[in-house]
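The values are calculated or read from the model by the stated rules, or taken from the named source; none is laboratory data. Keep in mind it's a predicted model, so treat the numbers as computed, not measured. When we count neighbours, we look across all protein chains shown, and the Cβ atoms used for this are built from the backbone with ideal geometry, even at glycine. Accessible surface is based on the protein model in full, side chains and every heavy atom, while ligands, DNA and RNA are left aside. Shrake-Rupley method; radii C 1.70, N 1.55, O 1.52, S 1.80 Å.
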Amino acid sequence: QVQLVESGGGLVQAGGSLRLSCAASGRAFTFKTMGWYRQAAENGRELVAHISAGGRTYYVDSVKGRFTISRDNAKNTVYLQMISLKPEDTAAYYCNTAPQVQYPWGQGTQVTVSP
């Protein structure tokens, strides 16, 4: 069973930056398209970015130009570099396969952006 562990969240001011990490157990990670999702209070979980096994990326319009997804298959880790953060980016961030979720959700990492 693959386990996902997200880290790197925190409290930042608007305009700040954070880098999220997602460590996955198991070799199956290498061949999967992996994504970052976020869930703000009272909202559903939203896919914000994903990266294929070959490195092809996708971003939702609201984060284009500000978020960068990357992966290190040797480390079974996916990253999300976030710059120019806005208060509306405040959410719990999770990683999983994309666009279909295949693994149990991890605990997520909270990102809070103050005005």
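Under the condition of being within 11 Å of residue 20 (Cα to Cα) and β-branched (Val, Ile, Thr), which residue from segment 49-75 is nearest to the chain's Cα centre (by Cα)?
The extreme case among them is 69.
List, please: which pairs have Cβ atoms under 9 Å, are six or more places apart or on different chains, and start with a residue in segment 4-27 that is over 19 Å from residue 77 (Cα atoms) and end with one that is among the basic types (Lys, Arg)?
These pairs meet every condition: 14/86; 15/86.
Could you tell me which of the residues 78, 113 is closer than 13 Å to residue 22 by Cβ, open to solvent by less than 30 Å² (accessible area, probe 1.4 Å) and part of a strand (DSSP E or B)?
Working: 113 fails: closer than 13 Å to residue 22 by Cβ.
That would be 78, the only listed residue that is closer than 13 Å to residue 22 by Cβ, open to solvent by less than 30 Å² (accessible area, probe 1.4 Å) and part of a strand (DSSP E or B).
Would you confirm, using the coordinates I've provided, whether residue 93 is among the aromatic types (Phe, Trp, Tyr) and buried (at least 22 other Cβ atoms within 10 Å of the Cβ)?
yes
Filter segment 1-39 down to the residues that are among the aliphatic types (A, V, I, L, M) and touching a helix residue (DSSP H, G or I) at 6+ places or on another chain (Cβ under 8 Å) and list them by number.
Those that are among the aliphatic types (A, V, I, L, M) and touching a helix residue (DSSP H, G or I) at 6+ places or on another chain (Cβ under 8 Å): 2, 14, 23.
Under 6 Å between Cβ atoms, which residue pairs at least 6 apart in sequence (or on different chains) link something in segment 73-84 that is farther than 17 Å from residue 30 by Cα with a partner that is assigned to a strand (DSSP E or B) and open to solvent by 20 Å² or more (accessible area, probe 1.4 Å)?
Correct list of pairs: 81/19; 81/68; 82/18.
Somewhere in segment 78-86, is a residue at pLDDT 95 or above, within 14 Å of residue 4 (Cβ to Cβ) and among the polar types (S, T, N, Q)?
Residues of segment 78-86 that are at pLDDT 95 or above, as a first pass: 78-86.
Among the residues that remain, those that are also within 14 Å of residue 4 (Cβ to Cβ) are: 78-80.
Next, only the ones that are among the polar types (S, T, N, Q) stay: none.
Scanning segment 78-86 turns up no residue that is at pLDDT 95 or above, within 14 Å of residue 4 (Cβ to Cβ) and among the polar types (S, T, N, Q).
Sort out for me the strands (runs of 3 or more DSSP E) sitting completely within segment 1-42 that have 2 or more residues that are open to solvent by 60 Å² or more (accessible area, probe 1.4 Å).
Hits in segment 1-42: 10-13.
Kindly check whether there is at least one residue in segment 46-59 that is surrounded by 14 or more Cβ atoms within 10 Å (Cβ to Cβ), touching a strand residue (DSSP E or B) at 6+ places or on another chain (Cβ under 9 Å), among the aliphatic types (A, V, I, L, M) and in contact (Cβ under 8 Å) with a residue 60 or more places away in the chain.
no
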